[in-house]
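J.: Right, I'll just put the structure down here and ask away after.
The values are calculated or read from the model by the stated rules, or taken from the named source; none is laboratory data. Keep in mind it's a predicted model, so treat the numbers as computed, not measured. Methodologically, a virtual Cβ is constructed for each residue, glycine included, from the backbone with ideal geometry; neighbour enumeration extends over all protein chains shown. Side chains included, ligands, DNA and RNA excluded: accessible areas come from the protein's heavy atoms. Shrake-Rupley method; radii C 1.70, N 1.55, O 1.52, S 1.80 Å.
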Amino acid sequence: VSIEKDSFDLPIGASESVIVIIVAEQPGIYTGEIIIKAGDVEKIIPIIVEVETKEALFDIELVIPPPYLVLQPGDELNTQINLFEIARVGQIDVTVNYIIKDIKDNLVIQRSETFAVDGQKQYTKKFKLPVNMEPGKYVVAAELVYEGGVAISSSLFEVSDVQKPVEELPIQGVPRIR
């Protein structure tokens, strides 16, 4: 990672463009943060870089439903995964690597599974978060690996130590009363 200008002064109301160059040696998901300081104010911007292979036979999409965007340690993270062919190749075996990392690129969870795909596949994937998981921003990623290629999708979520109000907690099989 290199930054064209890592320090400069701005008058009030002005703006400045900054070029950030990121070079990855191999496909994968990389996380980090850009810290912007102005006087006593500090802003942290999470950065997620998904590096895929150039020629793609498949693509992947990972979506976190809104109720799972802010969780507590020990909660279950639910994701929706969609795999689809870009080039018609017929049935092919693929491996999907599931990764949860913090914004400082520290691995929290890593799992894999291999299965056959013909055309398209949609499914739900659940992850039990560690009970000792620190509050903060995290990324969950699905890395689709097949012969000759890698496709990646990721989404940001937050772990909070603030308890959810009782009316926001879903109770399976019991309708919400408003």
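J.: For the cross-link pairs K54/K125; K104/K125; K54/K101; K37/K137; K101/K128; K43/K104, which exceed 21 Å when the distance is taken from alpha carbon to alpha carbon?
T.: Table pairs above 21 Å Cα-Cα are K54/K125; K104/K125; K54/K101.
J.: Under 10 Å, Cα contacts only: if you run a Gaussian network model on the chain, which one of D161, D102, D59 comes out with the highest mean-square fluctuation?
T.: In the Gaussian network model the winner is D161.
J.: Another one. For V150, list long-range residues whose amide hydrogen, built 1.01 Å from N in the peptide plane, is under 5 Å from its own amide hydrogen.
T.: T53
J.: Counting only other residues whose beta carbon sits under 10 Å from that of I92, what net charge do I get with K and R as +1, D and E as -1?
T.: Result for the neighbourhood of I92: -4.
J.: If you don't mind, there's one more thing I want to ask. Keeping all protein chains in place and using 1.4 angstrom, which order do S7, S153, S2 fall into by accessible surface area, from largest down?
T.: In descending accessible area the options line up as S7, S2, S153.
J.: Going through the stretch 11-62, which GluC sites (Glu not before Pro) have at most 13 other Cβ atoms within 10 Å and a DSSP loop state?
T.: E16, E25, E55
J.: While we're on this one: With +1 on each Lys and Arg Cβ and -1 on each Asp and Glu Cβ, how big is the dipole of the chain about its Cα centre, in debye rounded to the nearest 20?
T.: For this selection, approximately 600 debye.
J.: Please list, ordered by chain and number, the residues whose modelled amide H lies under 5 Å from the amide H of V108; skip anything fewer than 5 residues away on the same chain.
T.: I100, K101, D102
J.: Could you work out the mean projected area of the convex hull around the alpha carbons of the stretch 79-149, in square nanometres to one decimal?
T.: Convex hull of Cα atoms, orientation-averaged projection: 5.5 nm².
J.: Rg and Dmax of the chain over Cα atoms: what are they, in angstrom?
T.: 19.6, 59
J.: Net charge near F115, counting Lys/Arg +1 and Asp/Glu -1 over other residues with Cβ under 14 Å of its Cβ?
T.: 0
J.: If you don't mind, there's one more thing I want to ask. If I take every Cα pair under 8 Å that is 6 or more residues apart in the stretch 1-89, average their sequence separation and divide by the length, what percent do I get for the relative contact order?
T.: Reported as a whole number, the value is 21 percent.
J.: Please work out whether the stretch 11-97 counts as rounded, prolate or oblate from its C-alpha gyration tensor, where a ≥ b ≥ c are the square roots of the eigenvalues and a/c under 1.5 means rounded, while otherwise a/b larger than b/c means prolate and anything else oblate?
T.: oblate
J.: Something else about it: How much net charge surrounds E158 when only the other residues with a Cβ under 12 Å from the Cβ of E158 are counted, with Lys and Arg +1 and Asp and Glu -1?
T.: Result for the local shell: -3.
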